[in-house]
Amino acid sequence: MNQAFYEISKVSNFFSPQKIVLGQDAVKEVGDEVKSLNGSKAIIVTDPGIVSAGYVKLVEDALHAAKIEVGSFDRVEPEPPARIVGECVKMIREGKYDVVIGLGGGSSLDIAKGAAIMANNPGTIADYAGIDKVPRAGLPKILIPTTAGTGSETSRSLIVTDERDNTKKSIASSFGIADVAILDPLLTLSMPPQVTANTGMDALVHAIESYVSATTTPFAEILAIEAISLIAHNLPLAYSKGSNVIARYNMLLAASIAGLAFASSRLGIVHGLAYVIDTEYHLPHGRANAIMLPHVMNFNKTGNLRKFAKIAEAMGENVEGLSMYKAAEKSVEAVENLLNALQIPFKLSQYGISRDDLPKLVEGGMKQARLFIPNPRDVTPEDLKSIYERAF
Ligand SMILES: [Fe+2]
């Protein structure tokens, strides 16, 4: 079943970093990349785990070798609140840094993006929630992921928790795109199996949501279907044998092209329904997405049977001779098999979440209505309730 046509012909945009450096030891290029951005003093934005893994030292050494001055901000927290951006900006201004280097998982990369933006803009980062609300370009930024999932290194959005109403806010702006993304699979080898599984599933959700998005673009479709296939074929191995560089390389590539895809297509209600779960119950973002994915696919599949059938095929299912409907159903089965292989339970009750919380979940899901527009199927509050109910 080859791609025979792309679904839209209206004007669409494709966004990407100016440069992507990919491969083993790519991190050693960071000094030259700072110079190519006319930088002389770089700040590394990261978290304490990355410092103890020795990756900060690796980047510092590469920068010193290129005679770049360097400092580090290592106070990024998981699911970071907007205030961390403010703290980082203070350090950037006081130290007169001219290039921001994000190093770590999605949280570190997002804080790096936010801080680079806010170094040249007034207010707080949460004031710019929405699409293209940031008035001025920030400092140049280089993003170096140590997980394969978030896609932050290639996307134009960042997510922070707005402490004012305890909700996740998404800031999508061309000023959020990396100048340079450095993808070095050796920096992802130390991810433990659970983190590999959670972040890898986040990437799969990005790819699937981009592919079936009602606002998808041809570029997003091309990249997303390839990412789906790469993840289905490499994530079980990266999870089972973390030292396998080829599996890690392919996962890093997949997560990054899924990031390019959703930068152009936008995401759907898997993210919408998962945000309330990760915020309320403090589950990792990728895990919350993984739990909701099969339930949302079940709901969404009638919105684009052809594409869900193609997802099944990309994930290695045999759909020969099946009706379009049966083939589409196979995509849900393929995702459930993958989740079982990664030992990720996908029932909310298995995470101690009570059915009594349903109204709170539905209310939280409704706050993400911006994600209903790209979703391939229209959504009502009753629909949200029945998807959550089936997830118990
Ligand atoms: Fe995500």
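Observations
- What the phi angles of segment 166-173 give under the Karplus curve with 6.51, -1.76 and 1.60, with θ = phi - 60°, is a coupling list of 6, 10, 6, 10, 9, 10, 10, 7 Hz, glycine and proline written as x.
- Amide proton proximity set for Phe73, modelled H, under 5 Å, gap of 5+: Ile44, Val45, Thr46
- Proportion of all alpha-carbon pairs of the chain beyond 39 Å (%): 13 percent
- Whether segment 166-302 is rounded, prolate or oblate, judged on the alpha carbon gyration tensor where a/c under 1.5 counts as rounded: rounded
- You can think of it this way: the chain between Ser243 and Glu163 has 25.0 nm of extra reach, that is 0.36 nm per residue less the Cα-Cα gap.
- Descending semi-axes in whole angstrom, ellipsoid equivalent of segment 160-222, from the Cα gyration tensor: 23, 20, 16
- Residue exposure sequence - Val379, Val270 - by fewest surrounding Cβ within 10 Å: Val379, Val270
- Dipole magnitude of segment 220-358 about its Cα centre (Cβ charges: Lys, Arg +1; Asp, Glu -1), debye to nearest 20: 140 debye
- GNM flexibility winner over the chain from Leu187, Leu103, Leu58 (Cα, springs under 10 Å): Leu58
- Computing Rg and the Kirkwood Rh from the Cα coordinates of segment 293-391 gives a ratio, Rg/Rh, of 1.01.
- Fraction of alpha-carbon pairs over 15 Å apart in segment 63-103 - percent: 46 percent
- Kyte-Doolittle at least -0.5, axis length at least 27 Å by Cα - qualifying DSSP helices, the chain: 193-212, 218-240, 245-265
- Long-range HN-HN contacts of Thr167 with modeled amide H, under 5 Å: Asp162
- Amide H to amide H distances under 5 Å link Leu183 with Val21, Leu22, Gly23, where only residues 5 or more positions off or on other chains count and H is placed in the peptide plane.
- With Cα atoms defining each centre, segment 336-392 and segment 246-315 are spaced 13 Å apart in the structure.
- Computed P(r) (all Cα pairs; segment 311-362; 10 Å bins; percent): 22, 33, 27, 16, 1
- The charge dipole of the chain, taken about the Cα centre with unit charges on the Cβ atoms of Lys, Arg (+1) and Asp, Glu (-1), comes to about 420 debye, rounded to the nearest 20.
- For segment 274-351, trypsin sites (Lys or Arg not before Pro) meeting the loop criterion (DSSP other than H, G, I, E, B) and having at most 10 other Cβ atoms within 10 Å: none.
- Beta bridges per DSSP, both residues in the chain: antiparallel share near 20 percent.
- Computed helical MRE - 222 nm, the chain, DSSP H runs ≥ 4 contributing -39500 (n - 2.57), nearest 500: -15500 deg cm²/dmol
- Between Leu189 and Phe392, residue separation times 0.36 nm minus the direct Cα-Cα distance comes to 69.7 nm.
- Couplings for segment 127-135, taken from phi via the Karplus curve 6.51 cos²θ - 1.76 cosθ + 1.60 with θ = phi - 60°, read 5, 9, 4, x, 10, 6, 9, 7, x Hz in order; Gly and Pro are left as x.
- Here the residues Ile387, Ile20, Ile277, ranked from fewest to most Cβ neighbours within 10 Å of their Cβ, fall in the order Ile20, Ile387, Ile277.
- For segment 62-157, the Kirkwood estimate of the hydrodynamic radius, built from every pair of different alpha carbons, is 13.7 Å.
- Dipole orientation for segment 306-392: of the candidates Asn340, Gly321, Tyr388, Tyr388 has the Cα lying most toward the positive pole (charges on Cβ; Lys, Arg +1; Asp, Glu -1).
- Gyration tensor verdict on segment 271-348 (Cα atoms; rounded if a/c is under 1.5, prolate if a/b is larger than b/c, oblate otherwise): prolate
- Rotationally averaged projected area of segment 1-136 (alpha carbon convex hull; nm²): 11.5 nm²
- The trypsin sites (Lys or Arg not before Pro) of segment 114-162 that meet both conditions, a loop assignment by DSSP and at most 14 other Cβ atoms within 10 Å of the site Cβ, are Lys133, Arg136.
- Rounded FRET efficiency, nearest 0.05, which uses the C-beta distance separating Met91 from Thr302 and R0 of 41 Å: 0.25
Every number in this text was worked out from the coordinates using simple rules, so none of it is lab data. These numbers were taken from a predicted model, which means no experiment stands behind them. Cβ coordinates were reconstructed from backbone atoms using ideal geometry, including for glycine residues, and neighbour counts include every protein chain displayed.
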